[in-house]
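Notes follow the structure.
The values are calculated or read from the model by the stated rules, or taken from the named source; none is laboratory data. From a predicted model like this one, the values you see are computed outputs, not experimental measurements. Cβ: placed from backbone, ideal geometry, glycine included. Neighbour counts: every protein chain shown. The accessibility values were calculated without ligands, DNA or RNA, using every heavy atom of the protein model including side chains. Shrake-Rupley method; radii C 1.70, N 1.55, O 1.52, S 1.80 Å.
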Amino acid sequence: GAERHKQRLGESIAGDRRETSPYELSFQDDIEWRLLCKTTLGEKELTKLKDAIHNNYFFEMFIEDLPMWGYVGDFEDEDAILGEMQGSHTYLFPHLHFKIGTNGQRIVSATVTTERDRRVDITNVHKPTTVQFSYSVEWFEDHTLQWKDRMTRYADSRFLPSSFEIHWLSIINSFVLV
């Protein structure tokens, strides 16, 4: 099972919980495709996943303290105001592709992407759906990025919405007012 990690103060305040993942990555070992698990999702699980996708939930993973982000799924042909309409679809991303950059014997970059070709349609939550969760790993040499500079690319991360900054500002402002 998953193993909990000791939390940092910022993680506790944000409500984050770090746990080990079932993904097995070995240094410099490319994996073309590996099955993580195969499971059948029922109405309850599909509804939770569908709600998470429609609320733009994303995951965050770390390798050597380098963060990686990705979305749980995606939806198409929905109205911005009315939401889900006939003909719209909700998709789950069951496959993750890890791309890990090294400089010598050190990991200097890490990204995770989802593959649209392997997405699973979970629009109909009343129909049990069998899903194969899988992953692939690609290692590459990156001589342009030094170990000491590996975190600089995260300073300008555009993945996280700017509303997170406003949210933190609101919290800090509340503490100051009290």
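For region 108-138, which positions are under 18 Å from residue 23 (Cβ atoms), open to solvent by 10 Å² or more (accessible area, probe 1.4 Å), in contact with a Phe, Trp or Tyr (Cβ under 8 Å, 6 or more places away or on another chain) and part of a strand (DSSP E or B)?
111, 112, 114, 138
Return yes or no: is residue 11 assigned to a strand (DSSP E or B), closer than 30 Å to residue 155 by Cβ and at pLDDT below 90? Can you show your working first?
Numbers: assigned to a strand (DSSP E or B): no; closer than 30 Å to residue 155 by Cβ: yes; at pLDDT below 90: yes.
For residue 11, the condition - assigned to a strand (DSSP E or B), closer than 30 Å to residue 155 by Cβ and at pLDDT below 90 - is not met.
Take the residues in region 56-73 that are out of contact with any helix residue (DSSP H, G or I) (no Cβ under 9 Å at 6 or more places or on another chain) and in a loop (DSSP other than H, G, I, E, B), then tell me which one is nearest to residue 90 (Cα to Cα).
Restricting to residues being out of contact with any helix residue (DSSP H, G or I) (no Cβ under 9 Å at 6 or more places or on another chain) and in a loop (DSSP other than H, G, I, E, B), the top hit is 56.
When region 20-52 is examined, which residues are found to be among the β-branched types (Val, Ile, Thr) and in contact (Cβ under 8 Å) with a residue 40 or more places away in the chain? Working first, answer last.
If we filter region 20-52 for residues that are among the β-branched types (Val, Ile, Thr), which is where we start, we get 20, 31, 39-40, 47.
If the condition is that a residue be among the β-branched types (Val, Ile, Thr) and in contact (Cβ under 8 Å) with a residue 40 or more places away in the chain, then 31, 39, 40, 47 are the ones that fit.
Name the residue that is most open to solvent (accessible area, probe 1.4 Å), counting only residues in region 83-107 that are assigned to a strand (DSSP E or B) and within 18 Å of residue 56 (Cβ to Cβ). Talk me through it step by step, then tell me what you get.
Restricting attention to region 83-107, the residues satisfying the condition of being assigned to a strand (DSSP E or B) are 83, 89-92, 95-103, 106-107.
From what is left, the residues that are within 18 Å of residue 56 (Cβ to Cβ) are 83, 89-92, 96.
Working: 83: 19, 89: 62, 90: 0, 91: 27, 92: 4, 96: 12 Å².
Restricting to residues being assigned to a strand (DSSP E or B) and within 18 Å of residue 56 (Cβ to Cβ), the top hit is 89.
Looking at (1) open to solvent by 90 Å² or more (accessible area, probe 1.4 Å); (2) aromatic (Phe, Trp, Tyr); (3) at pLDDT below 95, can you tell me which one residue 23 breaks?
Of everything listed in (1) open to solvent by 90 Å² or more (accessible area, probe 1.4 Å); (2) aromatic (Phe, Trp, Tyr); (3) at pLDDT below 95, residue 23 misses just condition (1).
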